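Working notes for the structure below.
The values are calculated or read from the model by the stated rules, or taken from the named source; none is laboratory data. All of these numbers come straight from a predicted model, not from anything done at the bench. Don't worry about glycine lacking a Cβ; one is built from the backbone with ideal geometry, like all the others, and counts go over all protein chains shown. Keep in mind that these areas ignore ligands, DNA and RNA; they rest on the heavy atoms of the full protein, side chains included. Shrake-Rupley method; radii C 1.70, N 1.55, O 1.52, S 1.80 Å.
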Amino acid sequence: MRVARLRRATGPVFALLEDTEALLCDRAPWEGGRPTGERTPWSEGELLCPVTPSKIVCVGRNYALHARELGHEVPREPLLFLKPPSSLLDPGGTIVRPPESTRVEHEAEIAVVVGQRLRHASAAEAAAAVLGYSCAGDITARDLQKSDGQWTRAKGFDTFCPVGPWIETSLDLGAVEVSCRVGGAERQRGRASDMVFGVPELLAYASQVMTLLPGDVFLTGTPEGVSPLERGDALEIEVSGVGCLRVRVE
Ligand code: ZN
């Protein structure tokens with residue numbers, strides 16, 4: 001099932017998507033939202049970022065080849081960091097490269113949407129709490145990431161976290177691939193099965209530190225092939241079994 005957030009005259013509305021029609025819901029699915037009975041046609045231009053999280057938890061160096069391309073070893077424990085919810089970007093949106101940086105790069109990632117509160121969870125409890133998956137970009141000012149020594153500024157700019165175009169709730173991650181195209185040319189491709197730490201393990205690990213709330217988002221790391229984004233680039237991030245997220249670079 002596809003869960004989306006649609007732009008409507010009265011404000012954003014969560015909906016379950018069918019091919020041409022949307023079943024409008026009374027609130028977000030992680031808040032117990034249900035279809036209201038109203039059906040309406042939908043179009044791609046109405047799709048908003050499908051998540052409204054209290055936090056976006058991320059993991060660095062979770063694919064061995066990407067860790068190595070940046071000159072790092074694979075970590076022994078998940079290397080967690082946060083992106084602010086203010087960095088979220090709608091499908092079809094525009095990434096703004098800040099003047100502080102001369103090297104803004106794409107990182108295509110599988111986003112996990114948490115459906116239930118998790119605190120000191122086991123991997124099995126974490127697995128059962130996954131609502132679904134989406135496509136995400138962990139856009140990064142690589143020069144600032146290196147010069148700052150920590151990542152808050154480099155990964156926290158407004159527009160640096162495109163997510164969408166919807167949440168797919170029935171997906172077996174086993175054979176899923178995440179890929180990235182810039183101007184139609186493939187730059188990244190990786191398999192979920194190549195993650196150093198899997199999704200249940202990541203959520204359980206994070207939940208020892210911070211309570212994961214319904215609707216929170218977890219970005220699971222990026223495969224190798226990160227590269228700079230230039231003015232006017234068309235960025236496509238695809239997760240097989242979910243769909244394709246398209247944004248542009250200002
Ligand atoms: Zn990343």
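For the chain, with only Lys/Arg (+1) and Asp/Glu (-1) charged at the beta-carbon, what is the dipole magnitude about the Cα centre, in debye rounded to 20?
Using Cβ point charges on Lys, Arg, Asp and Glu, the chain gives about 480 debye.
Under a GNM of the chain (C-alpha, springs under 10 Å), which listed residue has the highest mean-square fluctuation: 134, 54, 43?
Per the Cα network of the chain with a 10 Å cutoff, 43 tops the list.
Run the helix sum for the chain: -39,500 (n - 2.57) per DSSP H stretch of 4+ residues, divided by residue count, reported at 222 nm to the nearest 500 deg cm²/dmol.
Counting only the DSSP helices, I get -3000 deg cm²/dmol.
Which residue, 136, 118, 247, has the largest displacement toward the positive end of the dipole of the chain when charges sit on each Cβ (Lys, Arg +1; Asp, Glu -1)?
118
Solvent-accessible area per residue for the chain at a 1.4 Å probe radius, Å²?
43 Å²
What is the distance in Å between the Cα centres of the range 164-179 and the range 49-84?
18 Å
Does the chain come out rounded, prolate or oblate by the C-alpha gyration tensor, with a ≥ b ≥ c the root eigenvalues, rounded set by a/c under 1.5 and, if not, prolate when a/b is larger than b/c and oblate if not?
Taking the square roots of the gyration eigenvalues as a ≥ b ≥ c, the chain is oblate.
Checking the a/c ratio against 1.5 first, then a/b against b/c, what shape does the Cα gyration tensor give for the range 67-136?
Taking the square roots of the gyration eigenvalues as a ≥ b ≥ c, the range 67-136 is oblate.
Modelled label-to-label distance, residue 194 and residue 38, 7 Å Cα→beta-carbon offset: nm?
4.5 nm
Testing the spin-label approximation: label points 7 Å from Cα along Cα→Cβ at residue 201 and residue 116. State their distance in nm.
The modelled label-to-label distance comes out at 2.3 nm.
What does the highest-first list of 117-124, 1-8, 178-185, 160-167 look like by mean Cβ count within 10 Å?
160-167, 1-8, 178-185, 117-124
Quick check on the range 173-226: take the gyration tensor over C-alpha atoms, sort the square-rooted eigenvalues as a ≥ b ≥ c, and tell me if it's rounded (a/c under 1.5), prolate or oblate.
Here the range 173-226 falls in the prolate category.
Tally up the carbon and sulfur contribution to the accessible surface of the chain as a whole percent, 1.4 Å probe, everything protein left in place.
49 percent
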